[in-house]
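Undergrad: Got a structure for you, written out below as structure tokens; questions coming shortly.
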Amino acid sequence: PFVKKHNPGINQINNVIESLKNDPDSRRMIVSAWNVGELDQMKLVPCHNFFQVYTRELSLFERTTLFCTKTGQKDWKERVEATIDNSGEDTLNEEFEKYDIPTREISLMWNQRSVDTFLGLPFNIASYAMLLHMFAQQVNMVPGELIGNLGDVHIYNNHITYVEEQLGRDVYKYEQPELSLNKGKDMFSYKFDDFKILNYESYPNWRGVPIAV
């Protein structure tokens, strides 16, 4: 009798990691968020369709800047010129290798069919930014651009007053925070405590803001 074999599924994240390591110029590093065979069983189809990552080689200038940042040396321009004049770029690259200086930048673009701009989008941006840093960390690349392709971008009527309040705020009032991320053994080993937002300051919680709705 015919026996249908169980499909163990496809680990899309691991496939992307392998491509980043072995074929970083690939344009096929895509993760789909839709299981099209089960969409009719869902109360709401996912807002997120897919995301893709792509990389580019860093220039000698960029790698040198990373090297000097990591080692605390500020005379990067003179150092590069002197090294190239005396022994060529190969010697400089060998020194970069000793300090595990990345050779590539990685960027991430996600596609979203529907966007709750006021409440949802800030979390979408933050979560994909963290995902980009995780990928970069696992394959020793520099986080690059974060790009969102957004469809049906909307603001709900009961958010309008809060949006107007937000638009009146000074976006330069506080310094930009930084992400501190402990490296996981792999993409699936990260824990909540591995993520820390340093120097984070914000306006008061909305519940403490007297706004007439």
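Undergrad: Give me the pairs, please: first residue somewhere in region 25-51 and more than 20 Å from N11 (Cβ to Cβ), second residue anywhere and assigned to a helix (DSSP H, G or I) and open to solvent by less than 80 Å² (accessible area, probe 1.4 Å), beta-carbon distance under 9 Å, and either six or more positions apart or on two chains.
TA: The qualifying pairs are V45/L39; C47/G120; C47/N124.
Undergrad: Of the conditions (1) of a type in the set (F, W, Y); (2) open to solvent by 50 Å² or more (accessible area, probe 1.4 Å); (3) at pLDDT 95 or above, W76 satisfies every one except a single condition; which number is it?
TA: (3)
Undergrad: Next up: Being in contact with a Phe, Trp or Tyr (Cβ under 9 Å, 6 or more places away or on another chain), β-branched (V, I, T) and either under 28 Å from E18 (Cα atoms) or surrounded by 13 or more Cβ atoms within 10 Å (Cβ to Cβ) (or both): is that true of I101 here?
TA: Yes.
Undergrad: Within region 105-201, considering only strands (runs of 3 or more DSSP E) that don't extend past its boundaries, which have at least 1 residues that are open to solvent by less than 40 Å² (accessible area, probe 1.4 Å) and more than 26 Å from T65 (Cβ to Cβ)?
TA: 142-150
The values are calculated or read from the model by the stated rules, or taken from the named source; none is laboratory data. Small disclaimer: the values here were computed from a predicted structure and weren't measured. Using ideal geometry, Cβ is built from the backbone for each residue, glycine included, and neighbour counts are taken over all protein chains shown. Quick note on the areas: whole protein, heavy atoms, side chains included, nothing else; ligands and nucleic acids left out. Shrake-Rupley method; radii C 1.70, N 1.55, O 1.52, S 1.80 Å.
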